[in-house]
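Enquirer: Can you keep this structure in mind? I'll have questions shortly.
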Amino acid sequence: LQLLLGMKATHFGFLCSVLMFLFMRQSLALYTAAVVEYSPHYASERVNRSQALNIMNENLAEYQTYIQRAATQGADIILFPEDGLYGAYFYTRDSILPYLEYIPDVDPQNQTEKVFPCDFHGAERLRSPILVQASCMARESNITVVLNMGEIRYCSPDVDSRCPSDFRYQYNTLVAFSSSGELQAKYHKSHLYYEPQFDAPAVPDVVWFESDFGIRFGLMICFDIMFEEPQMSLYHRHGIRNFLWSSWWVNEPPLITGTQVELARSLSLPSNFLASGIGLSWYNSGSGIYSYGDPLQHWYNIGSKPISRMMIAELPEAREVEERRKLARLSNSDSVTPIAPATPPNITTFMANPGSSYEIESISNNLTCTATLRVHETSTSQLFGVYSLDGVYNGLFLAQICALLACADEQCISPVLDTQSILHSFELSGSFDTQELFI
């Protein structure tokens, strides 16, 4: 009897622990996300439809491996990068045409007629084979899958004054499938970065969907992150606090690299930010999972050889935070256009030695940047530069920038990828024209 009572007590205690764990998990509204930094197979020459399908199927086969691994590790959702099925090196509309396919319209907020591409038959299945396979992969692994595809929609100038001269719209499209294979959402990239092969929507798409595990996600692609819309409407109008960002980023170290931008966005618009990038080399790399400014998982390929990698992390649905930062108003142009010659920055360099304190200024036009820091006693000496720019950054953006850079030489042009310096304290301030934060 004593043994039986002991067993019952043990079981009761175990049951209470399980119930408490489940209650805590429910109250915290946790979910597990996976993002993939992927190096795609692609063709360097123009291909026909059959060859394009072979390339995309080769990439899809690798996607399926990641999807299965993520599902096995308990992930609720997995995100893949921009152009991950076919690469990004297209310079005409015709060159990408063999990779494009029809994607049905869906309304994530009014899904009275649900679309399950995995169940397509006949002509529907033949015209959207990649969509069908992706839907089936999500269903088979019971996980939400978000990936980038090329979409084609034919049009007529008789009924559409914006219809292109080749009578077709070509979109850079992010699609989301539920764990049952339902096509829940599709988003057209609103701001194109030197992409003559694609069209931008007439106005920025604002697309979000509610997953079957209860989390609302907003969708963006690459260059969209540099513009006011759609992210501001998603955040302020629709209350989105979980973002999916698929990218083929172009890194410009030391100031604009993928992981920097991702972390900054998670902080400046306090949110969970899932970022999937391309792993071909340092020039495009940068992926991660960020929660309200905390880098839970992140990866940057510092080399020149392709590397693919998956990251998984558990996130809270939302956090109660005081929104102290705002994004500055940015252009809503649908593509990138140089506006003026780049303004040269001013960089004040100094050698930071262990145990020493410094206050260094750098001035560019009307902007004064001040870096105040103390170097840890166990640090190594490092050449730093206080960077200031008040003008046109890279010929594309009007900007005011303050930064502290680790420098390889007095010119501070080449990025330093590895430094052993440790700062005990650090503060960076600037005499900006606005109180609003961009990145």
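Enquirer: Can you find, within the stretch 30-71, the residue that is nearest to the chain's Cα centre (by Cα) among those that are of a type in the set (Ser, Thr, Tyr) and surrounded by fewer than 15 Cβ atoms within 10 Å (Cβ to Cβ)?
Expert: Thr65
The rows are residues; the columns are (1) surrounded by fewer than 20 Cβ atoms within 10 Å (Cβ to Cβ); (2) part of a helix (DSSP H, G or I).
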| position | (1), (2) |
| --- | --- |
| Ala75 | no, no |
| Pro81 | no, no |
| Ile96 | no, yes |
| Pro104 | yes, no |
| Pro108 | yes, no |
| Gln111 | yes, no |
| Arg125 | yes, yes |
| Val132 | no, yes |
| Met137 | no, yes |
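Conditions (1) of a type in the set (Lys, Arg); (2) in contact with a Gly (Cβ under 8 Å, 6 or more places away or on another chain), marked per residue:
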position	(1), (2)
Ile96	no, yes
Tyr102	no, no
Val106	no, no
Gln109	no, no
Ala123	no, no
Leu126	no, no
Arg139	yes, yes
Ile143	no, no
Glu151	no, no
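Enquirer: Another one. Going through Gln420, Gln411 one at a time, which residue ends up being closer than 15 Å to Asn346 by Cα and not assigned by TED's automatic domain parsing to the domain that holds Leu255?
Expert: On the way: Gln420 fails: closer than 15 Å to Asn346 by Cα.
Sole residue among the options that is closer than 15 Å to Asn346 by Cα and not assigned by TED's automatic domain parsing to the domain that holds Leu255: Gln411.
Enquirer: Give the residue that is nearest to Thr32 (Cα to Cα), with candidates limited to residues of the stretch 189-214 that are buried (at least 22 other Cβ atoms within 10 Å of the Cβ) and touching an Asp or Glu at 6+ places or on another chain (Cβ under 7 Å).
Expert: Lys189
Enquirer: Can I ask one more? Across the stretch 362-384, which residue is surrounded by the most Cβ atoms within 10 Å (Cβ to Cβ) among those that are on the phi < 0 side of the Ramachandran plot and outside any strand (DSSP E or B)?
Expert: Applying the filter and picking the extreme gives Ser379.
Enquirer: Somewhere in the stretch 51-71, is a residue assigned to a loop (DSSP other than H, G, I, E, B) and over 16 Å from Ser95 (Cβ atoms)?
Expert: Within the stretch 51-71, none of the residues are assigned to a loop (DSSP other than H, G, I, E, B) and over 16 Å from Ser95 (Cβ atoms).
Enquirer: Same structure again: Report yes if some residue within the stretch 212-223 is part of a loop (DSSP other than H, G, I, E, B), closer than 20 Å to Arg168 by Cβ and touching a residue at least 24 places away in the same chain (Cβ under 8 Å); otherwise report no.
Expert: Residues of the stretch 212-223 that are part of a loop (DSSP other than H, G, I, E, B), as a first pass: 212-215.
Checking which are closer than 20 Å to Arg168 by Cβ leaves us with none.
The answer is no; no qualifying residue exists.
Enquirer: Could you check the stretch 264-281 and list, in sequence order, the residues that are hydrophobic (A, V, I, L, M, F, W, C) and at pLDDT 95 or above?
Expert: Phe273, Leu274, Ala275, Ile278, Leu280
Enquirer: What residue, of Ser179, Ser246, Ser233, is crowded, with 24+ Cβ neighbours inside 10 Å and among the polar types (S, T, N, Q)? Show your work before the answer.
Expert: Values: Ser179 fails: crowded, with 24+ Cβ neighbours inside 10 Å; Ser233 fails: crowded, with 24+ Cβ neighbours inside 10 Å.
On inspection, the qualifying residue turns out to be Ser246.
Enquirer: For the subset of the stretch 388-425 comprising residues that are more than 13 Å from Ala352 (Cβ to Cβ) and among the β-branched types (Val, Ile, Thr), which member is surrounded by the most Cβ atoms within 10 Å (Cβ to Cβ)?
Expert: Among them, the one singled out is Ile401.
Enquirer: OK, next. Write out, first by first residue and then by second, each pair whose Cβ atoms fall under 9 Å of each other, whose residues are 6+ apart or on separate chains, and whose first residue, in the stretch 87-99, is in the same structural domain as Leu131 (by TED's automatic domain parsing) and closer than 15 Å to Gln51 by Cβ while the second is of a type in the set (Val, Ile, Thr) and surrounded by fewer than 21 Cβ atoms within 10 Å (Cβ to Cβ).
Expert: Gly87/Ile55; Ser95/Val47; Leu97/Ile152; Pro98/Val47; Tyr99/Val47; Tyr99/Ile55
Enquirer: Please enumerate the residues belonging to the stretch 234-266 that are in contact with a strand residue (DSSP E or B) (Cβ under 9 Å, 6 or more places away or on another chain), over 23 Å from Asn284 (Cα atoms) and free of Cβ contacts under 8 Å to residues at least 40 places away in the same chain.
Expert: Hits for the stretch 234-266 are Leu234, Tyr235, His238, Gly239, Ile240.
The values are calculated or read from the model by the stated rules, or taken from the named source; none is laboratory data. Nothing here was measured: the structure is a model prediction, and the numbers come from that model. Using ideal geometry, Cβ is built from the backbone for each residue, glycine included, and neighbour counts are taken over all protein chains shown.
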